[in-house]
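Notes follow once the structure below has been shown.
The values are calculated or read from the model by the stated rules, or taken from the named source; none is laboratory data. Worth saying up front: this structure is predicted, and the values here are computed from it rather than measured. Note that we place each Cβ from the backbone using ideal geometry, even for glycine, and neighbour counts take in every protein chain shown. These area figures cover heavy atoms from the full protein model, side chains too; ligands, DNA and RNA do not enter into them. Shrake-Rupley method; radii C 1.70, N 1.55, O 1.52, S 1.80 Å.
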There are 2 protein chains.
Amino acid sequence: MTPGTAGTKAGIGPPLAEVDTPALLIDVDVLEANIATMATLMAGSPLRYRPHTKTHKSPVIAQMQTAAGADGVCCAKLAEARILAAGGCDDILITSPVVGAHKAAGLVELATTARVAVVADDAGNAAELEAAAAAVGVTLRVLIEIDVGQGRCGVRDIEDVLRLAERVAASPSLDLAGVQGYQGAIQLDPSYAERRAGTELAHERLLRFTTRLRDAGLPVGVRTGGGTGTLAIDLTLPALSELQPGSYVFMDTVYGSLQWSQEPGSTPPFASALSVLATVISRPEAGTAIIDAGHKALSADGGTPQPLTESQCTFAFAGDEHARLDFDGPCPLALGDTVAVTPSHCDTTVNLHDIFTVVRAGTVEAIWQVAARGAIH
Amino acid sequence: MTPGTAGTKAGIGPPLAEVDTPALLIDVDVLEANIATMATLMAGSPLRYRPHTKTHKSPVIAQMQTAAGADGVCCAKLAEARILAAGGCDDILITSPVVGAHKAAGLVELATTARVAVVADDAGNAAELEAAAAAVGVTLRVLIEIDVGQGRCGVRDIEDVLRLAERVAASPSLDLAGVQGYQGAIQLDPSYAERRAGTELAHERLLRFTTRLRDAGLPVGVRTGGGTGTLAIDLTLPALSELQPGSYVFMDTVYGSLQWSQEPGSTPPFASALSVLATVISRPEAGTAIIDAGHKALSADGGTPQPLTESQCTFAFAGDEHARLDFDGPCPLALGDTVAVTPSHCDTTVNLHDIFTVVRAGTVEAIWQVAARGAIH
């Protein structure tokens with residue numbers, strides 16, 4: 001019922017049975033294997049990689065990733081960047097625009113002590129960043145965000161990209177450090193063919209835009225983008241110089257179900273390292289168990305989580321604090337038994353918890369803070 | 001664009017424009033009105049009420065509710081009860097079973113200093129609670145949880161209810177304090193007729209069970225249940241002696257859309273007091289704004305949140321950190337503008353945030369901690 005029991009090292013901490021539930025568990029053998037697998041994959045490629053830390057929100061895991069060869073880390077928000085920097089990360093890219101004079105002032109303040117870069121897709125925002133950087137005397141590294149098909153942030157028009165890049169390059173307080181072209185909308189597409197086609201379009205578009213910048217005499221620098229869902233495809237295409245995978249460290253039911261490469265039936269080389277340990281708190285029917293983990297312990301935006309039970313059962317959320325497990329036959333779980341549940345979406349599930357309970361060989365090896373949990377600003 | 005500007009009192013704090021986003025806002029005029037409206041409603045009824053604090057997770061708001069006449073509070077988990085007790089709440093019902101020797105020990109420890117009660121639906125759990133209570137020399141108040149149609153926790157069979165009640169009543173360390181019959185599955189049913197029918201069935205069932213207990217000579221005590229969605233119906237029916245509404249303090253798009261009473265078109269007497277303030281961080285198209293609030297700032301389990309914009313727009317989640325607002329015509333929002341968004345589900349949205357920014361008359365009057373955020377144990 002519980003992960004982490006297959007580790008090869010002897011357990012050194014208290015047994016898992018003493019963990020208060022619901023608890024967010026990391027099978028640290030699997031986490032380490034995922035990080036090592038990514039390092040091996042990238043070692044065979046000319047591309048660099050910068051893992052996205054919005055998945056785990058942990059400077060501890062970020063440093064495991066950079067120790068394995070990653071070129072710094074990504075984060076989504078300024079508040080996350082502050083926590084990563086305080087936790088020892090020294091090369092941070094903020095992958096969303098940081099907008100407003102107040103936030104710009106906070107960003108350049110951080111840039112006085114940490115190596116930090118930010119994306120921008122608007123000339124007014126570039127002016128804010130420039131004024132803030134000039135006020136504290138730093139040169140802020142800025143990447144132009146280009147919409148390569150996601151329909152979220154990013155400049156759409158090639159001449160607008162050129163104008164914004166020229167604006168940034170001409171600023172004495174900004175450094176045009178590269179471009180970002182992230183196609184997030186296709187990362188979880190269950191069709192490999194669709195993911196492949198969308199990734200090819202994104203690369204084609206990014207390549208066209210960066211060629212235009214080079215033709216205008218502008219330095220393109222880093223070309224960053226990609227994610228876990230398109231990793232095997234991104235590695236075969238020409239537009240990016242740096243990948244931003246996040247979910248590979250933990251995986252989840254959705255990422256785990258994706259066809260990995262063009263080979264039919266191929267599965268991702270990363271395994272599920274994350275689960276939520278829950279306790280059976282009611283046995284109202286012969287085939288049913290109610291557990292103490294609902295919407296406040298497992299996110300629902302990615303679909304239905306998967307209980308790791310030996311007998312097949314269906315999982316249904318039963319409100320904020322409960323879920324219902326229905327078995328085909330008699331429920332094998334007794335009141336007080338624990339069951340591990342694999343999240344459907346790792347990022348938003350991690351964001352519900354304050355701590356990771358780090359498990360090796362069936363015992364608790366460490367507690368790690370979800371240090372940037374709630375750092376949404 | 002921003003709530004709280006219609007208050008009658010002068011603003012005493014910093015302006016809302018200085019709030020870092022995404023921010024969870026309370027329009028405190030509306031919050032106070034909702035609490036007063038509930039007090040008036042209940043003053044006209046022989047029933048008592050015990051608001052559920054899983055909605056707000058705040059001892060400050062809990063004490064506003066009890067000051068207005070509520071008979072103590074409910075919470076879902078032992079960890080929440082600890083925080084409520086530390087925050088000054090002195091009469092707490094835990095509405096889910098507390099299972100396992102470790103948790104039972106924690107519960108009775110809390111019961112040595114706070115007035116606390118818990119529900120139970122299992123004889124083995126009753127034995128755990130009894131042993132724990134005996135070990136520290138307290139008498140623990142226990143309510144029998146009866147399934148009145150929800151299909152979650154709760155005893156289903158009338159003779160099983162009788163046996164469990166006898167077990168608790170006979171224990172020297174447990175006090176049979178009453179029964180809980182909560183029908184959570186129908187609280188949000190958009191059909192008033194269905195909600196009415198389900199509530200009638202729940203009352204009929206609970207009444208039948210409590211009659212059986214009385215006939216066997218057992219004290220029934222408190223009969224607790226109900227919620228915001230069935231409040232107007234519960235007030236007209238006979239089985240409950242105490243109601244447990246939670247969401248009325250804040251409301252959300254789903255509760256706000258419910259027909260309140262049998263009068264067609266009737267709306268709830270509570271207004272929306274909660275919003276998430278977000279900032280426009282990208283304007284990629286003429287009719288579109290991207291805001292800095294996604295799945296980590298607004299929950300999705302209740303459906304789609306509603307932006308409070310003067311022009312009509314559609315809201316779409318665009319990942320963990322962003323949402324997309326699409327307007328029929330040109331987008332009236334500029335980069336850096338803020339927009340308030342009403343959550344679709346207040347409870348799970350509150351649980352994503354560390355603080356409430358409390359707004360009156362357009363200025364920030366206070367910051368309140370979401371003290372029990374993450375207290376899911």
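A few points about this structure:
- Think of it as helices only: each DSSP H run of n ≥ 4 in the protein assembly as shown is worth -39500 (n - 2.57), and spread over all residues that comes to -8500 deg cm²/dmol at 222 nm.
- Within the accessible area of chain B (1.4 Å probe), percent carbon and sulfur: 53
- At 7 Å out from Cα toward Cβ: A:ASP215 inter-copy label distances (nm, ascending): 8.9
- Site pair B:ARG48 and B:THR314 shows an inter-label distance of 5.0 nm when each label is modelled 7 Å from Cα along Cα→Cβ.
- In order through region A:58-71: 3J(HN,Hα) via Karplus (6.51 cos²θ - 1.76 cosθ + 1.60), integer Hz, x for Gly, Pro: 10, x, 4, 5, 4, 6, 4, 5, 6, 4, 7, x, 5, 8
- Between the alpha-carbon centres of region A:196-246 and region A:56-84 there is a gap of 22 Å.
- Interchain or long-range residues, amide H under 5 Å from A:LEU308's placed H: A:ALA340, A:VAL341, A:THR342
- At 7 Å out from Cα toward Cβ: B:ALA366 inter-copy label distances (nm, ascending): 4.0
- Among residues of chain B, the one whose beta-carbon sits closest to the B-to-A rotation axis is listed with its distance in Å as B:ALA300, 3.
- Nonlocal amide H pairs with A:GLU365, under 5 Å, H built at 1.01 Å: A:VAL358, A:VAL359, A:ARG360
- Interchain or long-range residues, amide H under 5 Å from A:ILE94's placed H: A:CYS75, A:ALA117, A:VAL118, A:VAL119
- Formal net charge of residues neighbouring A:ILE291 (Cβ-Cβ distance under 15 Å; K, R +1; D, E -1): -3
- Within the listed set B:GLY151, B:GLY246, B:GLY229, the Gaussian network model of chain B (springs between alpha-carbon atoms below 10 Å) gives the highest mean-square fluctuation for B:GLY151.
- Between copies, the label points at A:ALA43 (set 7 angstrom from Cα along Cα-to-Cβ) are spaced 7.5 nm, reported in nanometres from shortest to longest.
- Positive dipole terminus of the protein assembly as shown, leading residue within B:LEU333, A:GLN312, B:VAL119 (C-beta point charges): B:VAL119
- The phi-based Karplus calculation (6.51 cos²θ - 1.76 cosθ + 1.60; θ = phi - 60°) puts the 3J(HN,Hα) values of region B:281-294 at 10, 7, 10, x, 9, 4, x, 10, 10, 9, 10, 8, 10, x Hz, whole numbers, x for Gly and Pro.
- Placing R0 at 30 angstrom, the Cβ-Cβ distance between A:ALA135 and A:ASP160 gives a FRET efficiency of 0.65 after rounding to 0.05.
- Applied to region B:213-218, the Karplus parametrisation 6.51 cos²θ - 1.76 cosθ + 1.60 on θ = phi - 60° returns per-residue 3J(HN,Hα) values of 5, 4, 4, 8, x, 8 Hz, with x for Gly and Pro.
- Averaged over A:246-253, number of beta-carbon atoms from partner chains that fall within 10 Å: 0
- Whole-number percent relative contact order across chain B, with pairs defined as alpha carbons under 8 Å at least 6 apart: 23
- Angle between chain A longest axis and helix A:158-170 axis [Cα atoms, degrees, rounded to 10]: 70
- Here the spin labels are modelled as points 7 Å beyond Cα on the Cα-Cβ line, and at B:ALA366 and B:ASP91 they lie 2.2 nm apart.
- Max mean-square fluctuation residue, GNM over chain A, Cα-Cα springs under 10 Å, options A:ALA197, A:ALA62, A:ALA111: A:ALA197
- Shielding value for A:14-27 is 2, the average number of Cβ atoms from other chains within 10 Å of each residue's Cβ.
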